[in-house]
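Data first, discussion second: the structure below is written as structure tokens.
No lab work stands behind these numbers, since they all come straight from the coordinates. Computed from a predicted model, the values in this text were never measured in an experiment. We place every Cβ from the backbone using ideal geometry, glycine too, and count neighbours over all the protein chains shown.
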Amino acid sequence: MRKVIIASIVAVASCNSPENNVPAPEVIEAINLKKGEVIWCGPAMANFGSVKFNVTASPEVKKDFDQAIAMLHSFEYEESEKAFAAVIAEDPSFTLAYWGVAMSNFHPLWEPPKPDDLKKGSKAIEIARAIKNKSPREADYLEAIAAFYDNWQTVDHKTRCLNYERKMEAVYKKYPNDSEAAVFYALALNATAEPTDKTHANQMKAGEILNKLANGQPDHPGIIHYIIHNYDSPELAENALTAARKYASVAPASAHAQHMPSHIFVRLGLWDEAIASNIASVNSARCYAEKATLNGNFDEELHGLDYLMYAYLQKGDNKKAEELLKYLRTIKQVSATNAKVAYAYAAMPSRYVLENRKWKEAAVLQSYPENFTWKNFPWQNAITVFTRLLGKAHTGDIKGAEQELDELKKLQAELLSQKDKYKANQVQVQILAGSAWIDLKKGDKSKATEQMRQAADLEDATMKHPVTPGEVLPARELLGDMYLALNQRDEAIEAYASDLKNHAKRLNGLKGASLAEHLKSH
């Protein structure tokens, strides 16, 4: 992608030039597009995969547009926006370039766009709508993403995602030979899937669409990427193993493409492959931070580090896990203060102490970094609180554990006030599990096991969030631990076996099951 600099003009015009149907420069400038050379990391001649979006444009514009789409499919949102901005500079009347800007600020499988992102996407759509010479297909694509941005100030995020999905379904059906419509519709289905739907209806529907396209476009980054996302569950993960082992080589310039296969490797307990995937991703993310001269580490690095920590712990490699934890403590600033950064900061130290049953250390664990805006991330904050609760309960500090339980309830209330039912349920699992271990220490065995079973059932009924390789301690594994503590060996064996179906080859699950079997036979 060639470096393109768009002239900066302060005034904002109200409409397109009627003579040539081209938006005025000042109108385009008002979008506040990211601009500059596209940054990528990887081996020489690395790319983002192969996309051929059927559009009417000059060969150069088409080539650059396809490159931007390829980046978009690997969720390289910063770079794809710059790439679409360059296409706009080449051809300001090209409607789908503005559509691409709106898509780059949507990020359907990540946290909801911030107000500035929504304003940018809305402005790009407004300009594109005013372009008169667009084709019906271009208009349909534009109106599909507009369904997400329209009325964003008053309509909730989930409803707008569903609006987009319905519009993309219409585009998909109207243009049956348009493979890009099929790919984007499949992604929309995944984005609107209910986390409590254990039939995986949306994922199965999307997977069928993508699998039909895969053989004909083996190097398409979106097809292979979204297959991995669609099958990122214990029941379906085997269906994505081929895609997982291929994606990194399809889009070697993308740090996210290096990481994404590990979602499936973790699901299947393929720890060596998960480690290799995330080492590559972390190195690529560091390269990106250096090339982009970011103010801090790249957020994609922390995402990869959390998955890497999880895999090392499942191999019992505490030396490598401890090295990662020490390294995390050196990261004072990250380029973006977002949900996946907050999650990694909270989860990695918690995983280390909880997986190793370091209860004394767990009891005094503090959030890091202290100056991070933890108040904006109640779900992630709850992980540290839950870790302290378990630590205090296991070391006999019942009063301290109850104080942490009260803090969990406050964080859950905050999530409920934000209408974030999914994350509130995740905290409810922690509340039930924490209460169970407090009751066990108080001597109420019946109440303890009942609450622990409730926690396990609630967690099993809900899909994990894509940001995490897995819970810091699975509730059903904790149930097995509780049964072992109560010398209920048959129940412990059953709990561990059930948990290992959802968390393949987890080290503590395997150890617990082995111990329970040993105790039963002696």
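Assign unit charges at the C-beta atoms only (+1 for Lys and Arg, -1 for Asp and Glu), then state the dipole size of the stretch 324-448 relative to its Cα centre in Debye, rounded to the nearest 20.
Around 220 debye, computed over the stretch 324-448.
Please state the charge dipole magnitude for the chain, taken about the Cα centre, from unit charges on C-beta atoms (+1 on K and R, -1 on D and E), reported in debye and rounded to the nearest 20.
That gives the chain a dipole magnitude of about 560 debye.
Looking only at the stretch 189-205, which residues have a backbone nitrogen under 13 Å from a spot 7 Å from the Cα of residue 235 in the C-beta direction?
194-205
Toward the positive end of the charge dipole of the chain, about the Cα centre and with charges on Cβ (Lys, Arg +1; Asp, Glu -1), which of 199, 83, 475 goes farthest?
Checked the options; the winner is 475.
Once the piece of chain linking residue 151 and residue 406 is laid out straight, how much longer is it, given 0.36 nm per residue of separation minus the C-alpha distance between them?
Between residue 151 and residue 406, full extension yields an extra 88.1 nm.
If we count other beta carbons within 10 Å of each Cβ, what is the order of 173, 505, fewest first?
Going from least to most buried by this count: 173, 505.
In degrees, nearest 10, range 0 to 90: what is the angle between the Cα axis of helix 221-230 and the longest Cα principal axis of the chain?
30 degrees
Considering the dipole of the stretch 364-436 built from charges on the beta carbon (Lys and Arg +1, Asp and Glu -1) around the Cα centre, which of 386, 430, 415 is farthest to its positive end?
Selected residue: 415.
Which one, 22, 287, 398, projects farthest toward the positive side of the charge dipole computed for the chain from Cβ point charges (K/R +1, D/E -1)?
Working it through, the farthest residue towards the positive pole turns out to be 398.
Find how much the distance from residue 219 to residue 139 grows on full extension, using 0.36 nm per residue of separation minus their present alpha carbon separation; answer in nm with one decimal.
Extending this stretch completely gives an extra 26.0 nm.
Expressed as a whole number of Å, what is the distance separating the alpha-carbon centroids of the stretch 34-90 and the stretch 281-313?
22 Å
Roughly what angle does helix 201-214 make with the longest principal axis of the chain, taking Cα atoms, 0 to 90 degrees, to the nearest 10?
Result, in degrees: 50.
Please report the relative contact order for the stretch 64-175, taking Cα pairs under 8 Å with a sequence separation of at least 6, and give it as a percent rounded to a whole number.
Relative contact order, the stretch 64-175: 20 percent.
Which entries in the list 198/246; 340/375; 246/501; 399/441; 35/119; 375/410 go over 19 Å, if you measure between the two C-alpha atoms of each?
198/246; 246/501
Amide H to amide H under 5 Å from residue 334: which residues, 5+ apart in sequence or cross-chain, H placed 1.01 Å off N in plane?
Hits under the 5 Å cutoff: 297.
Please give the residues of the stretch 142-169, grouped as numeric ranges, whose backbone N is less than 18 Å from a label point set 7 Å along the Cα-to-Cβ vector of residue 212.
166-169
Counting alpha carbon pairs within less than 8 Å and at least 6 residues apart, what relative contact order, in whole percent, applies to the chain?
10 percent
List the residues whose amide H sits under 5 Å from the amide H of residue 22, counting only those 5 or more places along or on another chain, with H placed 1.01 Å from N in the peptide plane.
Here the answer is 17, since their amide H atoms fall under 5 Å of that of residue 22.
Here are labelled values, [x] 24.0, 77; [y] 23.7, 84; [z] 24.3, 90, and one is the computed Rg and Dmax of the Cα atoms in Å for what I pasted. Which one?
[z]
What does a probe at residue 336 reach in the stretch 80-98, counting residues whose amide N is under 13 Å from the point 7 Å along Cα→Cβ?
Output list for this probe position: 80-82.
With a cut-off of at most 16 other beta carbons within 10 Å, and DSSP calling the residue loop, which chymotrypsin sites (Phe, Trp or Tyr not before Pro) in the stretch 78-142 qualify? Please list them.
Taking the stretch 78-142 and a limit of 16 other Cβ atoms within 10 Å, the loop chymotrypsin sites (Phe, Trp or Tyr not before Pro) found are 110.
Find how much the distance from residue 283 to residue 461 grows on full extension, using 0.36 nm per residue of separation minus their present alpha carbon separation; answer in nm with one decimal.
Contour length minus Cα-Cα distance gives 60.5 nm.
Need one word for the stretch 62-151: rounded, prolate or oblate. Basis is the Cα gyration tensor (sqrt eigenvalues a ≥ b ≥ c); a/c below 1.5 gives rounded, then a/b vs b/c decides.
Verdict is oblate for the stretch 62-151.
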